[in-house]
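Visitor: The structure's right below; bear with me while I get my questions together.
The values are calculated or read from the model by the stated rules, or taken from the named source; none is laboratory data. The shown structure was predicted, so the numbers you read here are calculated from the model rather than taken from an experiment. Here the Cβ positions follow ideal geometry from the backbone for every residue, glycine too, while neighbour counts run over all protein chains shown. Please note that ligands, DNA and RNA were not included when accessible areas were found on the heavy atoms of the full protein model with its side chains. Shrake-Rupley method; radii C 1.70, N 1.55, O 1.52, S 1.80 Å.
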Amino acid sequence: FQNEINEVPFFDVQLPYELALKIFQYLGRAELGRCAQVSRTWKVLAEDEVLWYRLCQEEGYLLDMSISDHSCWKLALKNCRAREHMLKTNWKNRVGAVSQLRYEPGRVLCDVHCCDGVVMAGYTSGEVRLWDTRTWDYTAPVLAAVAGPGGAGAPPHVSFVRINSSLAVAAYEDGTVSVWSLLLGQEPIHHFQHNQHIQALALAPGGSAVATASGFQVKVESPDDRGFWQTPGTFEIQKLVNFLNLVPDVTGSPVAVAAAEDIVYLLKADDPGRILHSVYGQPVTCLDVAAHEAAFGIKTFGWLLNEPNQILLYNLETNQCVTKVGNSIGDFSCVNLHSSPPNMLVAGNKDRRVRVFDVRRGAAACSVYGHQLGVSAVQMDDWKMVSGGEEGLVCVWDQRMATKLWEMHARHPVRLVWFNSHSLITANVPEEKNPRGSSITEDDPSLHRKYRGVIYSYEFSVDQLAVDSVLPICRSSYDELTGYNYNIGLAVPYDSI
């Protein structure tokens, strides 16, 4: 019937089908539904695949598909909206499954990082593991480290790990840095050494540049067009670096932002050592970098009562301060700018509050209180915040209502909070890496699970209560002769529940 329509009646005129379709492109879902009830001709026009494909793309669904991939885009949009509503309801009611990404040999967790559901963890044994939480039965491979000179001695502890869509990087206690490609296997593709302890490690979110800070030096490494690694920039800093980030989406040479006590540097290969911000006696307490902006918290002292602790937002193109937000007695301990909605940022404070700031107004849009100690990790989207505290508490908040939806507690401080529409990754990393100072033996108390730290993976796209989900200990079968529970070997394993 649609092929037979040449002219569409628009009140007292007749319009060609293509022109009528252009008019209908300005209508939303509700308006198209009303127009479909006018007449048979308008119904065919209002249900044209081009209109519903455009609506699907405008609302952010199925962006990687073409119009020929679905036969009914109206139904596809309906299913996408229903799934989004289901996920939002599951988030609010904590409906889903939770599992632990556990490392069996029992070394202490040192650092964790996540990118698109792929989790990277480093341990005191010097081993680095990967988990892909997007697949159910994924076995965590060990990324091979570069052998030391002569192979003597225990491997060093892992200091930092970072991962993006293509690379994984680990820095060790002895100043060694190893880089792996997620596409080429478990052997490192690049390796370099610092003479001193590494204070900070950064990996570009969408690129291949790696930045390290050791002593008073910041070093940037990146591969060229042929894949050979080179050093586009080495920068000498006057003070020890506390925080280091690489600016994402930079064409050409990598650009780094480093915070060294009370000075923030913008490090470019052609303009080394440019000072972005410096106020004597006001150290930087946290740092985060987006494509064109950098946000960092500053700490003031008691004699500056008229200027409390704040978060400064700088434009990296003009090197000017855009706005100052915050008015807190406590220090800002974490800030998230790169994954927040446009014109918004979320910050955690040592006064146990999580604050959401609207940088256009320069004021707090939301402030919630619920941790027993300082906030150590935060992330937000358009309707919720997830925060982690030093006491090990993970809280999920409704931004509009400024209320806590639910919480989960573990023993150690929360060092990582990452989520997308359907999953949540949290990591509790111990402060003490060598409990009781004992040696690595069978009786070493660090082998006990309470000393190790834990990584939790929540999945909200399954209709199962998180408190009733099957724990990893209960997933064994009678095919195995031993079970695993607090280092106790079991003669008969648990049933598959």
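Visitor: Just for the Cα atoms in region 176-304, what are the lengths along the principal axes, largest first, rounded to whole Å?
Guide: Computed over region 176-304, the largest-to-smallest principal extents equal 56, 31, 25 Å.
Visitor: While we're on this one: Could you go through region 13-30 in sequence order and give the Karplus-derived ³J(HN,Hα) for each residue, using 6.51 cos²θ - 1.76 cosθ + 1.60 with θ = phi - 60°, rounded to whole Hz, and x for Gly and Pro?
Guide: Going residue by residue, I get 10, 10, 10, x, 4, 5, 5, 5, 5, 5, 5, 5, 5, 8, 9, x, 5, 5 Hz, with x marking Gly and Pro.
Visitor: For region 17-92, take the convex hull of the Cα atoms, compute a quarter of its surface area, and give me that in nm², please.
Guide: Over every viewing direction, the Cα hull of region 17-92 projects on average to 5.7 nm².
Visitor: Once amide H atoms are built 1.01 Å from N in the peptide plane, which residues 5 or more positions from Gln199, or in another chain, come under 5 Å H to H?
Guide: Ala213, Ser214, Gly215
Visitor: Follow-up question, since we're still on this one. If you plug each phi of region 323-333 into the Karplus form 6.51 cos²θ - 1.76 cosθ + 1.60 with θ = phi - 60°, what whole-Hz ³J(HN,Hα) values come out, in order, with x for Gly and Pro?
Guide: 7, 10, 10, x, 8, 10, 6, x, 7, 6, 9
Visitor: Is the shape of region 279-461 best called rounded, prolate or oblate, per the rule: a/c under 1.5 gives rounded, else a/b larger than b/c gives prolate, else oblate, with a ≥ b ≥ c the square roots of the Cα gyration tensor eigenvalues? Mind showing how you got there, number by number?
Guide: Numbers: a/c = 2.05, a/b = 1.48, b/c = 1.39.
The shape class here is prolate.
Visitor: Hey, another quick one. Compute, for Arg81, the solvent-accessible surface of its heavy atoms (probe 1.4 Å) with the complete set of protein chains present, and express it in square angstrom to the nearest 10.
Guide: Number for this one is 100 Å².
Visitor: Report the net charge of residues surrounding Gly60, where surrounding means a beta-carbon distance below 13 angstrom and charges are Lys +1, Arg +1, Asp -1, Glu -1.
Guide: Charge balance near Gly60 sits at -3.
Visitor: A further question on this structure: Quick check: convex hull over the Cα atoms of region 58-123, volume per residue in Å³, rounded to an integer?
Guide: Spread over its residues, the Cα hull of region 58-123 gives 158 Å³ apiece.
Visitor: Non-local amide H neighbours of Leu167 (under 5 Å, H modeled in plane, Pro and chain starts lacking H): which ones?
Guide: Long-range HN contacts for Leu167: Leu182.
Visitor: Residues with amide H under 5 Å of His277's amide H, sequence separation 5 or more or different chain, H placed in the peptide plane at 1.01 Å from N; which?
Guide: Val264
Visitor: Size of region 272-345 along its principal axes in angstrom, Cα-based, largest extent first?
Guide: 35, 30, 17
Visitor: Same structure, new question: Cα centroid distance between region 248-319 and region 329-394, in Å?
Guide: 19 Å
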